[in-house]
Amino acid sequence: MKELIALAIAFGIGALCAKFQIPLPAPPQWIGVALIAAIWLGYTVVKQAG
């Protein structure tokens, strides 16, 4: 359930940024996206293991 709430919030932030023409709070290059994904993956793996 937490994951669905997080996805809804993330989608909402993206939608509001697009609607009000605010730059996204994320890096625009693919390497930045990969970095964010790696941080998320590391956090998730450690959280699951601990």
Scalar couplings 3J(HN,Hα) for the range 19-24 by Karplus 6.51 cos²θ - 1.76 cosθ + 1.60 (θ = phi - 60°), nearest whole Hz, x for Gly and Pro, are 5, 9, 6, 9, x, 5
Here FRET efficiency (C-beta to C-beta, Val45 to Lys19, R₀ 25 Å, nearest 0.05) is 0.15
In deg cm²/dmol, rounded to the nearest 500, the helical mean residue ellipticity at 222 nm of the chain, built from -39500 (n - 2.57) for every DSSP H run of length 4 or more, is -26000 deg cm²/dmol
Between Ala10 and Ala34, the two model label points (7 Å from Cα along the beta-carbon direction) sit apart by a distance in nm of 1.9 nm
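None of the figures in this text is laboratory data; all of them are computed from the coordinates on show. Since the structure is predicted, the reported quantities are computational estimates derived from the model, not experimental observations. Here the Cβ is made from the backbone with ideal geometry for all residues, glycine too, and neighbour counts use every protein chain on show.
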